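Engineer: One structure is given below, represented as structure tokens, and several questions about it will come after.
The values are calculated or read from the model by the stated rules, or taken from the named source; none is laboratory data. These numbers were taken from a predicted model, which means no experiment stands behind them. No Cβ is skipped: glycine too gets one built from the backbone with ideal geometry, and neighbour counts run over all protein chains shown.
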Amino acid sequence: MSSLDTFARQKLADLDAAALRRTLRPTLRGANGRAWRDGQDLISFSCNDYLGLSNDPRVIAAAQEALATYGAGAGGSRLVTGNHPLLPALEARLARHKGMPAALVFGSGYLANLGITPALVGPRDLILADALSHSCLWAGARVSGAEVVRVRHNDLDDLRALLDRHRGRHRRALILTERVFSMDGDRAPLPALLEIAEAFDAWTLVDDAHGLGVVEAGCRAPLEMGTLSKSLGSYGGYLCAAQSVVDLLTSRARSLVYTTGLPPASAAAALKALEILEAEPARAARPLALARRFTARLGLPEAESAVVPVLVGAAEAALALSAALEARGFLVVAIRPPTVPAGTARLRVAVSAAHTEAQVDALADAVAELHPRR
Ligand SMILES: Cc1ncc(COP(=O)(O)O)c(C=O)c1O
């Protein structure tokens, strides 16, 4: 056995012992929240397709037409030949939708976060990241070489104290947070946070991956990034910002410059989804309303977004609860460390406009029975 093989096997054994090994399970997804795994027909509460648009016939038709007309791939970096006209059209639409001056489309949300932060701050600078920031925000922060300080989750006093202590020693400062936190579903206190940021001349990057199309009202940060892969049902990422910032990142964001442009069909699907999202406000209002129905039925704190955590604690227990729900026809994947902090393994319930009230009630009743709160 090679040392590489020995290494991998030992690591896997460690993961198994802690119930933290992850495996890929083939899953088919369909309309109305349906999913199929291991031959079982399930209702999925684990998709980020919050508006049910990934299977909308209009979105599919837009992607199909772009695919047939323009081909499957972009053929190069956006700075070479991969900047299909659908991409600037999508950027204009995204900027308008978010009420921001300009936008820049990346290959994914992960790539956006990996590229934005290092293009704006470096070794002489300071990053203050909310403790529950998504992995790709941390990845961008680390790559930048800036000093990274962890801020207690949604704690404005901690943010102010850390800025007081560290800001003076650094050239530029960047705050990283999320409009809706991906694993907890709660929201950042943005108006007050932006005031503090301004007082310390710190820039703020808000990750809006789970807000767009679901929780939209409110203030805008100078840097608003997000993804096309959740409520827009497609694939890709974006940043909305001032034109100058977009122009700078077009030259300096390595995850834009040195990677292939988004395929035209993904851009066409996202464009169509944005159009539908704007034309159908009742659809956009549904995920939050259904999530609140779910939390009310279970006596949980009122949902702030389409994401509701059902905290379990131990990884094994979260896996067991997920398996028990799967046996009853619900797909609710267990989320374990390091995606969430140790001891907070959970089921992450993601509600979609495509779910029915009856499906949401049935899941709540199954959770209440299988996981009575102690
Ligand atoms: C908060 C947050 N930011 C960024 C991303 C990455 O987006 P994408 O899936 O487009 O890479 C995700 C998705 O997992 C997310 O939850």
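Rundown of residues vs (1) assigned to a loop (DSSP other than H, G, I, E, B); (2) within 12 Å of the ligand (Cβ to nearest atom); (3) of a type in the set (Asp, Glu); (4) over 20 Å from Ala102 (Cβ atoms), yes/no style:
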residue: Pro191; (1), (2), (3), (4): no, no, no, yes
residue: Glu195; (1), (2), (3), (4): no, no, yes, yes
residue: Glu198; (1), (2), (3), (4): no, no, yes, yes
residue: Val206; (1), (2), (3), (4): no, yes, no, no
residue: Ala209; (1), (2), (3), (4): yes, yes, no, no
residue: Glu216; (1), (2), (3), (4): yes, no, yes, no
residue: Cys219; (1), (2), (3), (4): yes, no, no, no
residue: Met225; (1), (2), (3), (4): no, yes, no, no
residue: Ser231; (1), (2), (3), (4): yes, yes, no, yes
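Engineer: Considering each of Ala265, Ala269, Ala291 in turn, give the residue that is over 17 Å from Leu86 (Cβ atoms) and either part of a helix (DSSP H, G or I) or assigned by TED's automatic domain parsing to the domain that holds Ala95 (or both).
Structural biologist: Ala291
Engineer: Still on this structure, please answer the following. In the list Gly73, Gly109, Gly115, Gly140, which residue meets the criterion of being within 16 Å of the ligand (Cβ to nearest atom) and either in contact with a Pro (Cβ under 7 Å, 6 or more places away or on another chain) or on the phi > 0 side of the Ramachandran plot (or both)?
Structural biologist: Values: Gly73 fails: within 16 Å of the ligand (Cβ to nearest atom); Gly109 fails: either in contact with a Pro (Cβ under 7 Å, 6 or more places away or on another chain) or on the phi > 0 side of the Ramachandran plot (or both); Gly115 fails: either in contact with a Pro (Cβ under 7 Å, 6 or more places away or on another chain) or on the phi > 0 side of the Ramachandran plot (or both).
So the residue among Gly73, Gly109, Gly115, Gly140 that is within 16 Å of the ligand (Cβ to nearest atom) and either in contact with a Pro (Cβ under 7 Å, 6 or more places away or on another chain) or on the phi > 0 side of the Ramachandran plot (or both) is Gly140.
Engineer: Please give the number of the condition Ala161 fails out of (1) of a type in the set (Gly, Ala, Ser); (2) touching a helix residue (DSSP H, G or I) at 6+ places or on another chain (Cβ under 9 Å); (3) more than 12 Å from the ligand (Cβ to nearest atom).
Structural biologist: (2)
Engineer: Against the definition (out of contact with any Phe, Trp or Tyr (no Cβ under 9 Å at 6 or more places or on another chain), of a type in the set (Ser, Thr, Tyr) and closer than 25 Å to Leu277 by Cβ), how does Thr69 come out, yes or no? Before the answer, list the steps.
Structural biologist: Working: out of contact with any Phe, Trp or Tyr (no Cβ under 9 Å at 6 or more places or on another chain): yes; of a type in the set (Ser, Thr, Tyr): yes; closer than 25 Å to Leu277 by Cβ: yes.
Answer is yes for this residue.
Engineer: Of the residues that sit in region 170-189 and are among the basic types (Lys, Arg) and outside any strand (DSSP E or B), which one is farthest from the ligand (Cβ to nearest atom)? Step through it out loud before you land on a result.
Structural biologist: Applying the first criterion (among the basic types (Lys, Arg)) to region 170-189 yields 171-172, 179, 187.
Restricting the remaining residues to those that are outside any strand (DSSP E or B) gives 171-172, 179.
Working: Arg171: 26, Arg172: 22, Arg179: 9 Å.
My answer is Arg171.
Engineer: Of the residues that sit in region 50-78 and are charged (D, E, K, R) and in a helix (DSSP H, G or I), which one is nearest to Gly30 (Cα to Cα)?
Structural biologist: Step one: list which residues in region 50-78 are charged (D, E, K, R), which gives 56, 58, 65, 78.
Still in the list and also in a helix (DSSP H, G or I): 58, 65.
On the way: Arg58: 15, Glu65: 20 Å.
Here the answer is Arg58.
Engineer: Closer than 23 Å to Gly343 by Cβ, in the same structural domain as Tyr235 (by TED's automatic domain parsing), within 16 Å of the ligand (Cβ to nearest atom) and in contact with a Phe, Trp or Tyr (Cβ under 7 Å, 6 or more places away or on another chain): is that true of Ala129 in this structure?
Structural biologist: Numbers: closer than 23 Å to Gly343 by Cβ: yes; in the same structural domain as Tyr235 (by TED's automatic domain parsing): yes; within 16 Å of the ligand (Cβ to nearest atom): yes; in contact with a Phe, Trp or Tyr (Cβ under 7 Å, 6 or more places away or on another chain): yes.
In short, yes.
Engineer: Of the numbered conditions (1) away from the ligand (no atom under 16 Å from the Cβ); (2) assigned to a helix (DSSP H, G or I); (3) in contact (Cβ under 8 Å) with a residue 12 or more places away in the chain; (4) not aromatic (Phe, Trp, Tyr), Leu90 satisfies every one except a single condition; which is it?
Structural biologist: The single condition Leu90 does not satisfy is (1).
Okay, residues lined up against (1) assigned by TED's automatic domain parsing to the domain that holds Glu178; (2) surrounded by fewer than 21 Cβ atoms within 10 Å (Cβ to Cβ); (3) hydroxyl-bearing (Ser, Thr, Tyr); (4) assigned to a helix (DSSP H, G or I):
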{"site": "Leu12", "(1), (2), (3), (4)": "no, yes, no, yes"}
{"site": "Leu42", "(1), (2), (3), (4)": "no, no, no, no"}
{"site": "Gly82", "(1), (2), (3), (4)": "yes, yes, no, no"}
{"site": "Leu114", "(1), (2), (3), (4)": "yes, no, no, yes"}
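Engineer: In this structure, is Ala284 touching a Gly at 6+ places or on another chain (Cβ under 7 Å), buried (at least 23 other Cβ atoms within 10 Å of the Cβ) and in a helix (DSSP H, G or I)?
Structural biologist: Working: touching a Gly at 6+ places or on another chain (Cβ under 7 Å): yes; buried (at least 23 other Cβ atoms within 10 Å of the Cβ): no; in a helix (DSSP H, G or I): yes.
When the stated conditions are applied, Ala284 does not pass them.
Engineer: Quick one: is Val245 within 11 Å of the ligand (Cβ to nearest atom) and either under 29 Å from Pro337 (Cβ atoms) or out of contact with any strand residue (DSSP E or B) (no Cβ under 6 Å at 6 or more places or on another chain) (or both)? It would help to see each step written out before you state the result.
Structural biologist: Details: within 11 Å of the ligand (Cβ to nearest atom): no; either under 29 Å from Pro337 (Cβ atoms) or out of contact with any strand residue (DSSP E or B) (no Cβ under 6 Å at 6 or more places or on another chain) (or both): yes.
No; evaluated as a whole, the condition is false for this residue.
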